[in-house]
Amino acid sequence: MSARWFVVPGQRPLAALRALRIGSNRLHPAPQAADGPVVLFDTFDGQVAAAGRVLLGDARGLMLLGGPQGPVWQDPAVPGFVADMADGPVRAALGGIVSPLRRLCPIGEARLLRQPLALRDDLDKTRVRCDLLALDAGGRRAVALLRAQALRGYGPALARLAEGLHALGAVERLDAPGVIATLFPERQEQFARPAIAMAPDTTAFRVATDIIRAHIALARRTEPGIIDDIDSEFLHDHRVALRKVRSVLSLFKGVYGAAQTDDLKARFAALMTRTGRLRDLDVYLIERPAYLAMVPETVRPGLGLLFEAFAAERAAEHRDLSDHLQGDAHAREMRRLARLFDKPDARLVRGPMADRAAGDFARRLIWKRYRRVCAIAASIDDRTPDAQVHALRIQCKKLRYLLEFFAPMFPTAEVRPLIRALKKLQDVLGTFNDCAVQQAALAGRLQGLEAARGARKLEMAKGIGALLTVLDQRQRDARARVVASFAAFDAPATQAGFRALFKTAKASA
Amino acid sequence: MKIIACYSNKGGVGKTATSVNLAHALARDGQRVLLCDLDPQGAAGFYLRVKPSKNLKDDRFFKDVQRFTDAIRGSDHDRLDVLPANLSFRDFDVFLARMKNSRSRLKKALRAGGGDYDSVVLDCPPNISTLGESVFRAADAIVVPVIPTTLSERTFGQLLDFFRDNGLQKKKILGFFSMAQGTKTLHGQTMARMRAAYPKRLLDVVVPFASDVEKMGLHRAPVADFAPASVAAQAYDRLGRAVMARI
């Protein structure tokens, strides 16, 4: 029988449990209680909590709470990247929920009291085994979880215990994000994806400003992780946040004054330029195992040399970027930008579309962009030049951003399938583009080698050559799937969805 | 799944204590064990604090797999579950007599209901009846506690005769000396004589007469639970290993 989990309310959970009367049954604490400091771990973006789990570590081991099978245990270790962890049940469970690119980091310290309890009857027979896990982060920030598992044949006793616990106010769900929020309220903000409140009658100016402000803050929060080089996703998230700011500036035309828009575009573009090369190198190094697997064994040593060169270049690039991010100029620029959006009415110049109602504004922008995607796609067949495919990719990306920006104004159940359908098309277009970009970059690298001599260079060239062949094949495969992928996106249900949500009376006229 | 019956056609030989402690020893050794109490007095259930089964009345034990499995209770000891008896078990002979293939019914019921376990240990009532015969046919091993006295020696002989006369496999019978007292000359002589007479049917295990075994009723737990270092607990561990070595 599977265990049931309860969140026990109150500051003195053990006393409350001991006082509980379930007919003639009582909860008795077992002598094997343990009490000690514990560290909670998660990724920067809270992937463990988002999966409904809580990861704890102490001197006795790693414990992963939640999940269908209850807690799992593993020998003590400091968790980092899941792939680097020792084999065990915790690692196996984390493998399914944590991205291989994310490192698990300490998010806070607490005290953990582990108190086994037994629900025993009038014969002193154990009917239900319980485990109280009381986490206390000090200052009345505490969470108590009770795991209860009936011995075979004693399901009814567990049901009655559950009733008693419910009467105490216990709820039966391990709310992992809630646990983190209670213990470490300061982490809440960091985990949160920017959630921007908007209504159809909010002004376009307000929506744009709120989105930009939230993403500037998000970009700022990722900076310490980039500097400490915790994992590659801090920089990735940083760039996505800035890219979203730039797409608001370019897609929400006329919301800010023209000169203001141009100035902002240039400044955010400059911020991103700084980080571009490091991200490219990260992508190569992330793909290293996949690339090595794709080429014949004979050329792998050469490719290995290439990756060594990338790794060395990355180290230098990371040093430069860290210095830059910690420098006064960067801090000043970020502060200035943040300030603009903190007091937009006083500091930002409004454009002609500033006062448009966001609902109407969104529908017009999305419908227009959707029509453009369809128009370009209609012109693509298997012989169309690649440039058209790139154009389709860019339009799709813009459409995706618009859908995501404005999603809070539309019914989730109706918008989500559209985003999902679009995402599938984008995956194919993305692969096509990544292969093209990487081939161009590697070809450049190959030319750079020509000036040099020596066996090392020759071997590297062979490796690059093999990789180029594979990437070319991959790109062709993706290209061959473009037409079918658009046809799938162009399904009647998706068409109808776009039309129903975004086609305005004015646009149809 | 192996079926191990604790059986004696003589009462008061420590049969229930054997089944509880043997089942506990096997569970401690890592097996998933079901202790199935066939004795309507329900002493095995009593030792493990499990109340008599309410819904496994009359012939349901043999006919209703669902009720059989629903009646199983987890004991307080890891991997050891119990199927408690109730008073209607006293009529097992009557139920079996009414059923077709009565001698294979028990085996069928145990195989169907005890499929989750590595071993099913039976605590049997002390008689040679239809149920007894069913036990002899179902079991992979029949563990017989023998107090080294003249009377026990006689009943052990009777059991072997019964097996011979009814074409049952004698090699299933695994006797061991129970409640043996080293200070008694009679015990020593009987053990020596019986070992010579039944060299293959007696395990090299002696569970001594020990107050710890008597205290099981007080603690309502297997000996190894409250006196793990005791001679008796160690003897039951040896008994478990010796039985497993034979099946």
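FYI, it's all coordinate maths here, none of it is from the lab. From a predicted model like this one, the values you see are computed outputs, not experimental measurements. Cβ atoms come from the backbone with ideal geometry, glycine included; neighbour counts cover every protein chain shown.
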Inset, instruction - Could you go through the stretch B:43-60 in sequence order and give the Karplus-derived ³J(HN,Hα) for each residue, using 6.51 cos²θ - 1.76 cosθ + 1.60 with θ = phi - 60°, rounded to whole Hz, and x for Gly and Pro? - result: 5, 5, x, 4, 4, 9, 6, 9, 6, x, 6, 9, 9, 10, 8, 6, 8, 4
Inset, instruction - Return the calculated 222 nm mean residue ellipticity for the protein assembly as shown, to the nearest 500 deg cm²/dmol, obtained by summing -39500 (n - 2.57) across DSSP H runs with n ≥ 4 and dividing by the residue count. - result: -17500 deg cm²/dmol
Inset, instruction - Distance between Cα centroids, the stretch A:473-507 to the stretch A:1-70: provide it in whole Å. - result: 47 Å
Inset, instruction - Have a look at A:417, A:402, A:447 and report the one farthest towards the positive end of the charge dipole of the stretch A:394-450, computed about the Cα centre with Cβ charges (Lys/Arg +1, Asp/Glu -1). - result: A:417
Inset, instruction - Might you report the magnitude of the Cβ-based charge dipole of the protein assembly as shown about its Cα centre, with Lys and Arg at +1 and Asp and Glu at -1, to the nearest 20 debye? - result: 1580 debye
Legend entry - Relative contact order %, the stretch A:4-186, counting alpha carbon pairs below 8 Å whose residues are six or more apart: 30 percent
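If you build the convex hull over the alpha carbons only and average its shadow over all orientations, what do you get for chain A? Give it in nm² to one decimal.
Details: hull surface 123.6 nm².
Here the figure is 30.9 nm², rounded to one decimal.
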Inset, instruction - Using Cα centres only, tell me the gap between the stretch A:313-385 and the stretch B:1-37 in whole Å. - result: 75 Å
Inset, instruction - Report the residue, chosen from B:84, B:199, B:148, that carries the largest GNM mean-square fluctuation when chain B is represented by alpha-carbon nodes joined by springs under 10 Å. - result: B:199
Inset, instruction - Evaluate the charge dipole of the stretch A:193-356 about its Cα centre and quote only its size in Debye, nearest 20, assuming +1 on the Cβ of each Lys and Arg and -1 on the Cβ of each Asp and Glu. - result: 820 debye
Legend entry - Residues whose placed amide H lies under 5 Å from that of residue A:202, excluding near-sequence neighbours: A:358, A:359
Legend entry - Among beta bridges that DSSP assigns inside the protein assembly as shown, antiparallel share in %, nearest 5: 70 percent
Legend entry - Under-5 Å amide H pairs with residue A:152, H placed in peptide plane, nonlocal only: B:74
Inset, instruction - Ignore the peptide's own chain and count Cβ atoms of other chains within 10 Å of each Cβ in B:81-90; give me the average, rounded. - result: 1
Legend entry - Leading residue at positive end of dipole, the stretch B:63-161 (Cβ point charges), from B:72, B:126, B:106: B:106
Inset, instruction - Could you pull out every residue, at least 5 positions away or on a different chain, whose amide H is within less than 5 Å of the one on residue A:257? Hs are placed 1.01 Å off N in the peptide plane, and Pro or chain starts have none. - result: A:349, A:350, A:351
Inset, instruction - Apply the Karplus parameterisation 6.51 cos²θ - 1.76 cosθ + 1.60, with θ equal to phi minus 60°, to every residue of the stretch A:88-101 and state each ³J(HN,Hα) to the nearest whole Hz, in sequence, with x for glycine and proline. - result: x, x, 5, 4, 4, 5, 5, x, x, 10, 10, 4, x, 8
Legend entry - Cα-based reach from residue A:423 at 17 Å (exclusive), listing aspartates and glutamates while leaving out same-chain residues under 8 positions away: A:404, A:414, A:434, A:490
Legend entry - Spin-label pair residue A:274/residue A:437, simplified geometry with 7 Å Cα→Cβ offset, distance in nm: 2.0 nm
Inset, instruction - Go through the stretch A:227-243 residue by residue and turn each phi into a ³J(HN,Hα) via Karplus (6.51, -1.76, 1.60, θ = phi - 60°); whole Hz please, and just put x for glycine and proline. - result: 4, 6, 6, 5, 7, 6, 6, 5, 5, 4, 4, 4, 5, 4, 4, 5, 5
Legend entry - Cα-based shape type of chain B, given that a ≥ b ≥ c are square roots of the gyration tensor eigenvalues and the cut on a/c is 1.5: oblate
Inset, instruction - Take the alpha carbon gyration tensor of the stretch A:273-369, find the square roots of its eigenvalues, order them as a ≥ b ≥ c, and report rounded if a/c is under 1.5; if not, report prolate when a/b exceeds b/c, else oblate. - result: oblate
Inset, instruction - Pull up the cross-link candidates among the lysines for residue B:170, meaning alpha carbon to alpha carbon under 22 Å and not fewer than 8 places away within one chain. - result: B:2, B:10, B:15, B:107, B:108, B:200
Legend entry - the stretch B:2-246 - charge dipole about Cα centre, Lys and Arg +1 at Cβ, Asp and Glu -1, debye rounded to 20: 640 debye
Inset, instruction - Taking the dipole about the Cα centre of chain A, with the C-beta of Lys and Arg at +1 and of Asp and Glu at -1, give me whichever of A:496, A:143, A:247 is farthest to the positive side. - result: A:496
